[in-house]
2 protein chains.
Amino acid sequence: MGRPKSTRPYHHGELREALVATGRRLLEEKGIRGFTLRECARRALVSHAAPAHHFASLDDLLAEIAVRGYQELTAAMETELRRATDAPAARLVAQGVGYMAFAAANPVLFQLMFSREANRFESQALAAAAKGAHDLQVAAVASLIPRASADVKQGMVDFAWASVHGFITLVLEGQIGEGDTPRALKSRGVSMLAAMVETVLRAGGEP
Amino acid sequence: MGRPKSTRPYHHGELREALVATGRRLLEEKGIRGFTLRECARRALVSHAAPAHHFASLDDLLAEIAVRGYQELTAAMETELRRATDAPAARLVAQGVGYMAFAAANPVLFQLMFSREANRFESQALAAAAKGAHDLQVAAVASLIPRASADVKQGMVDFAWASVHGFITLVLEGQIGEGDTPRALKSRGVSMLAAMVETVLRAGGEP
DNA sequence: GCCCGCGTCCTGACAGTGCCAAGTTGATCT
DNA sequence: AGATCAACTTGGCACTGTCAGGACGCGGGC
């Protein structure tokens with residue numbers, strides 16, 4: 001909101017949010033290694049040193065962007081969940097679809113969130129945001145195989161998450177489905193999810 | 001090999017290999033974003049512009065390092081394969097173990113190989129090197145479900161790869177098994193592999 | 001109504017980066 | 001021996017992140 005950009009008051013007013021927003025666009029445009037604090041500042045129409053008052057360093061800005069990413073990832077999963085039926089299997093599949101849809105729509109951000117670099121940030125906010133998505137997955141698996149032991153449940157959470165994450169990751173990097181149309185790719189993703197759910201069910205003792 | 005370092009002849013003689021070697025170490029030390037051509041040159045005891053005569057750009061050097069990575073990944077899978085029995089299921093599991101062992105031993109290199117950045121290199125050599133590892137996976141799945149259709153086989157190759165790749169990726173990023181001992185982690189990995197094999201078998205019509 | 005504090009932003013500078021240009025060295029071939 | 005030429009050098013450019021110090025202007029206290 002704030003003032004019209006044409007006047008450009010000395011005090012930007014919402015620079016922090018502006019940096020996160022433009023930074024996110026810049027990230028998707030240039031990739032992680034092409035991401036630049038100065039270009040960010042330029043696009044937000046402030047001087048090159050202005051961001052320092054809101055983010056201690058470049059990594060600090062990236063960390064904040066990653067946190068937003070996790071929140072949006074969780075939201076994407078929840079959105080897909082709302083469209084699904086009550087059947088636990090359908091809900092687990094829906095979450096997987098939401099997960100992959102978010103990754104496909106924000107490939108570089110997704111890579112940032114799950115990159116070793118992001119881990120170096122070590123921020124609690126980031127860990128908390130990541131936990132949100134993880135909790136959803138745990139809940140979905142638990143309601144799919146309620147009678148399974150805790151050990152089996154954890155194993156199946158690992159398995160489910162790894163399948164979904166690995167699949168979309170390899171797709172984004174062009175290692176899977178190189179020549180496929182987006183449509184064909186999605187159908188491959190969904191049938192992969194179906195196979196995964198089946199195994200979870202069996203391991204959980206639900207025929 | 002070559003001359004003693006102390007003399008340091010004007011012509012290094014094996015600068016290309018030296019850059020790949022030190023570059024790889026530097027990569028693992030500093031991470032992808034901390035990787036620097038000049039630091040590489042410094043460690044190889046040459047001037048900052050010397051690498052240009054062997055690699056057109058920083059990305060070019062990274063691409064070469066990634067190619068070596070793929071070759072080593074393939075080798076790691078083959079090594080584990082040699083230790084395995086003839087049972088197709090055991091062989092597929094063994095390959096997965098080799099894959100994960102390589103990733104765990106070279107986390108940053110592994111990230112580089114499967115990063116969006118690496119994809120921009122677009123080199124044929126890189127694609128060919130990546131194909132080596134992929135072919136192994138195809139063969140292992142094919143011998144596990146010989147009677148399945150080509151479509152199902154391809155789907156299961158993707159699935160097997162995705163689950164292995166996803167699991168080790170999430171582990172490396174600390175999203176799975178944060179507090180686990182290495183021993184516990186490996187057992188989680190192996191049971192994930194078991195679930196994967198089960199899925200492949202069922203999808204392939206082998207009870 | 002005025003002034004002053006302080007958060008917000010600015011300009012300027014420094015060391016470090018990738019890459020390009022032009023010069024220097026030394027191994028190799030005729 | 002002299003010429004050739006790839007391998008290496010120094011130097012410079014535009015760019016980066018970060019730090020220091022100064023300019024601005026919104027708010028609260030008189």
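I need the per residue convex hull volume for the stretch A:161-202, using only the alpha carbons, in cubic angstrom as a whole number.
Working: hull volume 2.2 nm³, N = 42.
Looking at the stretch A:161-202, the number lands at 53 Å³ per residue.
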To confirm my reading of the symmetry, which residue of chain B has the Cβ nearest the axis that brings B onto A, and what whole-Å distance does it have?
B:GLY166, 1
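How much accessible area per residue does the stretch B:38-92 have, in Å², with a 1.4 Å probe? Don't jump to the answer; show the numbers that get you there.
Numbers: 2830 Å² over 55 residues.
Here the per-residue accessible area is 52 Å².
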Only Lys, Arg (+1) and Asp, Glu (-1) charged, at Cβ; the protein assembly as shown dipole about Cα centre in debye:
900
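Under unit Cβ charges (Lys, Arg +1; Asp, Glu -1), what dipole magnitude, rounded to 20 debye, does chain B have relative to its Cα centre? Present the calculation step by step, with values, prior to reporting the outcome.
Working: 24 positive and 22 negative charges, 131 e Å.
Taking the Cα centre of chain B as origin, the dipole is about 640 debye.
Evaluate the protein assembly as shown: find the radius of gyration of its Cα atoms, find its Kirkwood radius, and give the ratio Rg to Rh. Walk me through the numbers on the way to the answer.
On the way: Rg = 23.1 Å, Rh = 23.0 Å.
Rounded to two decimals, Rg over Rh is 1.00.
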One decimal, nm, nearest first: from B:ARG82 to the same residue in each other copy, label points 7 Å out along Cα→Cβ, the values are 5.7
Net lengthening on full extension, B:GLU28/B:ARG82 (0.36 nm per residue, minus Cα-Cα):
16.6 nm
What is the percent carbon and sulfur in the accessible area of the stretch B:66-203, measuring with a 1.4 Å probe over the protein chains and ignoring ligands?
56
Any chance you could count the Lys pairs in the protein assembly as shown whose alpha carbons are under 18 Å apart, treating pairs 8 or more apart or on different chains as valid?
4
In nm, what does the list of distances from A:ARG147 to its counterparts in the other copies look like, shortest first, when each label sits 7 Å along Cα to Cβ?
3.1
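Assuming a ≥ b ≥ c are the square roots of the Cα gyration tensor eigenvalues, decide whether the stretch B:61-172 counts as rounded (a/c under 1.5), prolate (otherwise, with a/b larger than b/c) or oblate.
On the way: a/c = 1.89, a/b = 1.52, b/c = 1.24.
Prolate shape, in that a/c is at least 1.5 and a/b is the bigger ratio.
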Please state the shape class of the stretch A:68-133: rounded when a/c is under 1.5, otherwise prolate if a/b exceeds b/c and oblate if not, all from the C-alpha gyration tensor.
prolate
Quick one: label points 7 angstrom along Cα→Cβ at A:GLU17, distances to the other copies in nm, smallest first?
5.9
What 222 nm value per residue comes from the helices of chain B, counting each DSSP H run with n ≥ 4 as -39,500 (n - 2.57) and dividing by all residues, nearest 500 deg cm²/dmol?
-23500 deg cm²/dmol
Distance in nm between A:ALA142 and A:HIS53 label points, each 7 Å along Cα→Cβ, equals 4.6
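Other chains' Cβ within 10 Å of A:149-157 residues: what's the mean?
For peptide A:149-157, the averaged partner shielding equals 2.
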Please report, largest first and rounded to whole Å, the three semi-axes of the ellipsoid equivalent to chain B, where each semi-axis is the square root of five times an eigenvalue of the C-alpha gyration tensor.
38, 18, 15
To the nearest whole number, what is the average tally of beta carbon atoms from other chains within 10 Å of the beta carbons of peptide A:92-99?
0
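How do B:22-35, A:37-50, A:186-199 rank on mean C-beta neighbours within 10 Å, highest first? Mind showing how you got there, number by number?
Values: B:22-35: 17.7, A:37-50: 16.2, A:186-199: 19.7.
Sorting B:22-35, A:37-50, A:186-199 by mean packing, highest first, produces A:186-199, B:22-35, A:37-50.
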Helix A:182-203 against the longest principal axis of chain A: what's the angle in degrees, Cα atoms only, rounded to the nearest 10?
50
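The values are calculated or read from the model by the stated rules, or taken from the named source; none is laboratory data. Because the structure is a prediction, the values reported are computed rather than measured. Every residue, glycine as well, gets a Cβ built from its backbone with ideal geometry; the counts of neighbours run over all protein chains shown. Heavy atoms of the whole protein, side chains included, go into the accessibility calculation; ligands, DNA and RNA do not. Shrake-Rupley method; radii C 1.70, N 1.55, O 1.52, S 1.80 Å.
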